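*Asks:* Dumping the structure here so I can ask a few things about it.
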Amino acid sequence: MDLFESGIPLEGGAPAPLAARMRPQSLDDYAGQRHLLAPGQLLRRAIESDRLGSIILYGPPGCGKTSLAEVIALATNRHFERTSGVLANVAILRSLLEAAEQRKKFRRRETILFIDEIHRFNKAQQDVLLPYVESGAITLIGATTHNPFFFINTPLTSRSQIFQLEPLGEDDILALLRRAISDPRGLAHLALHADDDALAHLARVCEGDARKALNALEIAALTTAPEEGGAIRISRATAEQSIQKKSVVYDNEDGHYDTISAFIKSVRGSDPNAALYWLAKMLYAGEDPRFIARRLIILASEDIGNADPMGLTLTVAAMEAVEFVGMPEARIILAQATTYLATAPKSNASYLGIEAAWEDIRAGRTLPVPKHLRDASYRGAQQLGHEGYRYAHDFEGHVVDQEYLPTSKVYYQPTEEGYEQRIRQRIERWKELRHKQRESP
């Protein structure tokens, strides 16, 4: 019998938490991660055929890493061992690994070793695993909330497939909450009714964390007094109290799109105060900080461009830092990037230029490459007329009067803002030098 089946008490007789009781019993019962576990996907095929190799499951809290390991434990014919980077030391590890080696040698039975929070192991502990993974004595399943390329030794990551799990979507969380209300393992013994907007609030503000949503539902159910007749009703207000987070108007139809629009337009409009407010609203409502970071990167090129080229560098660094640090501190990094872009000089010249060139290509106005610009590095290129190129560094100002595009159309027109003012001056200087070359005998 599995630890998480209904009715199995923890030490002292207390029931297991709802989130533990509701762990899936099969892949079909598993919520989310369709990019990995939809029918036909590699990871699902490996689990169903019991041919799973060593893997690292990487994702935020509550996205289903441990639940997936438990599904594998139920599906495999191999011996399954569990331990944790918090509880195990080198001595415990060696005991598990040596037992696995003996099991394979004398009983011809393989072992899957699941290590939750594997990033908690130091380098020496991780090194203990390596020879057993290499020899096939164990198949390792590591679970971590930290980027494995930073926190797990390279020899282990190179011998394991890394699968990134994403925060659960609101629909997945809603399905889990409704199942918990009706499932005998969950809260079916209670005459429980939860308002739709109460469940929607839990699903929205739990930030993709199924454990957080289920814990809040259980708190609400166990602390709400029954109404007349014995029924327990969970309202929106009760849901807000149980998850200890006020709701904000932020949904996919209105709030999400309107708020990100207001955020982008505030940065573009050089209003750092408004931009910070909309940023705070998005993060408080549970918006994915990586989504915001991606939008800032796009904005840095579309609306600032070469008026301040450091904008793109800073936002790419911010995206990496957000991924590395995570919430809640990631909000500080996003605030720095937001205020930098909001107060930077603005130019959409690069955006307008690529759009104009793109439209010409799309409309079929394709131009041939001038012969003197074509590849001339191979034998016979001169016979094809690939000659006449003049090396710009041999000329004053490192510019030469030769055709690079068989049209006089101008795609990039730098503004007078920020660094683009210097670019504009440089282009004008180049025009003078080319004219001077044309006039020279």
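Taken together, the values in this text are just the output of simple stated rules run on the coordinates, not laboratory data. Please read all numbers here as calculations on a predicted model, not as lab measurements. Quick reminder, even Gly has a Cβ in these numbers, built from the backbone with ideal geometry, and neighbours come from all protein chains shown.
*Asks:* Quick check: pseudo-label points 7 Å beyond the Cα along Cα→Cβ at Phe150 and Ala356, how many nm apart are they?
*Replies:* Label at Phe150, label at Ala356, 4.2 nm between them.
*Asks:* Farthest toward the dipole's positive end in the chain, which of Ile112, Leu373, Leu433, given Cβ charges of +1 (Lys, Arg) and -1 (Asp, Glu) about the Cα centre?
*Replies:* Of Ile112, Leu373, Leu433, it is Leu373.
*Asks:* Let me ask another. Could you grab the relative contact order for the chain? Cα pairs under 8 Å, six or more apart, rounded to a whole percent.
*Replies:* 11 percent
*Asks:* Read phi for every residue in segment 299-316 and hand back ³J(HN,Hα) as whole Hz from Karplus 6.51 cos²θ - 1.76 cosθ + 1.60, θ = phi - 60°, with x for Gly and Pro.
*Replies:* 4, 4, 8, 6, 10, 10, x, 7, 5, 8, x, 5, x, 5, 4, 5, 6, 5
*Asks:* Note the full-extension length gain between Val410 and Leu190 as 0.36 nm times their separation in residues minus their Cα-Cα distance, in nm to one decimal.
*Replies:* That works out to 72.0 nm of additional length.
*Asks:* Excluding residues on the same chain fewer than 8 positions from Lys346, give the lysines whose Cα lies under 17 Å from its Cα.
*Replies:* Partners within reach: Lys265.
*Asks:* What nm value, rounded to one decimal, do you get for the distance between Lys371 and Lys105 when each label is placed 7 Å out toward the C-beta?
*Replies:* 7.7 nm
*Asks:* Continuing with the same structure: In nm², what is the average projected area of the convex hull enclosing the Cα atoms of the chain?
*Replies:* Taking a quarter of the hull surface, the average projection is 32.0 nm².
*Asks:* Moving on to the next point. Using DSSP to call loops (not H, G, I, E or B), can you name the trypsin sites (Lys or Arg not before Pro) in segment 408-441 whose Cβ has at most 15 other Cβ atoms within 10 angstrom?
*Replies:* Within segment 408-441, the qualifying trypsin sites (Lys or Arg not before Pro) (loop, at most 15 other Cβ atoms within 10 Å) are Lys409.
*Asks:* If you take the square roots of the eigenvalues of the alpha-carbon gyration tensor of segment 353-437 and sort them as a ≥ b ≥ c, do you get rounded (a/c under 1.5), prolate (a/b over b/c) or oblate?
*Replies:* Because a/c hits 1.5 or more and a/b fails to exceed b/c, segment 353-437 counts as oblate.
*Asks:* Answer with one residue from Cys63, Phe150, Leu130: the one whose Cα lies farthest towards the positive end of the charge dipole of segment 1-152, charges on Cβ with Lys, Arg +1 and Asp, Glu -1.
*Replies:* Leu130
*Asks:* From the phi of every residue in segment 230-240, what ³J(HN,Hα) in whole Hz does the Karplus formula 6.51 cos²θ - 1.76 cosθ + 1.60 yield, where θ is phi - 60° and glycine or proline is x?
*Replies:* x, 6, 10, 10, 9, 9, 4, 5, 5, 4, 4
*Asks:* Mind checking which of Thr338, Thr366, Thr223 has the largest fluctuation in a GNM of the chain, springs on alpha carbons under 10 Å?
*Replies:* Thr366
*Asks:* Relative contact order for segment 58-157: what is it in percent, counting Cα pairs under 8 Å that are at least 6 residues apart?
*Replies:* 34 percent
*Asks:* Now, a different point. Using +1 on the beta carbon of Lys and Arg, -1 on that of Asp and Glu, and nothing else charged, what's the dipole of the chain about the Cα centre, debye to 20?
*Replies:* 1380 debye
*Asks:* Further question on the same structure: Over the Cα atoms, compute the radius of gyration (one decimal) and Dmax (the largest Cα-Cα distance, rounded to a whole number) for segment 143-267, in Å.
*Replies:* Computed over the Cα atoms of segment 143-267, radius of gyration and Dmax are 18.8, 62 Å.
*Asks:* Related question: Using r as the Cβ-Cβ distance of Arg178 and Arg45, and R0 as 51 Å, what FRET efficiency do you calculate, to the nearest 0.05?
*Replies:* After rounding, the FRET efficiency stands at 0.95.
*Asks:* Something else about it: Going toward the positive end of the dipole of segment 1-153, with +1 on Lys and Arg Cβ and -1 on Asp and Glu Cβ, which of Ala73, Ile47, Gly85 do you reach last?
*Replies:* My answer, from the dipole projection, is Ile47.
*Asks:* By the gyration tensor of its Cα atoms, with a ≥ b ≥ c the square roots of the eigenvalues, what is the shape of segment 254-335: rounded for a/c under 1.5, prolate for a/b over b/c, or oblate?
*Replies:* oblate
*Asks:* While we're looking at this one, here's another question. Provide, as a two-decimal number, the C-alpha radius of gyration of segment 30-95 over 2.2 N^0.38 Å, N being how many residues it has.
*Replies:* Taking N as the residue count of segment 30-95, the ratio is 1.23.
*Asks:* Which of Tyr340, Tyr389 has the fewest other C-beta atoms within 10 Å, and how do the rest follow up to the most?
*Replies:* Starting with the residue having the fewest Cβ neighbours, the order is Tyr389, Tyr340.
*Asks:* Further, regarding this structure: Please compute the Cα-Cα pair-distance distribution of segment 1-148 with 5 Å bins starting at 0, giving whole percents from short to long.
*Replies:* Pairs per bin, as whole percents: 2, 9, 17, 21, 20, 17, 11, 3, 0.
*Asks:* Calculate how many DSSP beta bridges within the chain are antiparallel, expressed in % of all such bridges and rounded to the nearest 5.
*Replies:* In the chain, approximately 5 percent of DSSP beta bridges are antiparallel ones.
*Asks:* Roughly what would the spin-label model give for Leu384 and Tyr277, points 7 Å off Cα along C-beta, in nm?
*Replies:* Output for this residue pair reads 6.1 nm.
*Asks:* Shifting gears a bit: What FRET efficiency, computed as 1/(1 + (r/R0)^6) with R0 = 45 Å and r the Cβ-Cβ distance, is obtained for Lys123 and Lys265, rounded to the nearest 0.05?
*Replies:* Efficiency, from the Cβ-Cβ distance: 0.40.
*Asks:* Restricting to DSSP H runs of at least four residues, report the calculated mean residue ellipticity at 222 nm for the chain, -39500 (n - 2.57) per run over all residues, nearest 500 deg cm²/dmol.
*Replies:* Calculated at 222 nm, the ellipticity per residue is -14500 deg cm²/dmol.
*Asks:* While we're on this one: How many angstrom lie between the C-alpha centres of segment 275-310 and segment 368-439?
*Replies:* Computed from Cα coordinates, the inter-centre distance equals 36 Å.
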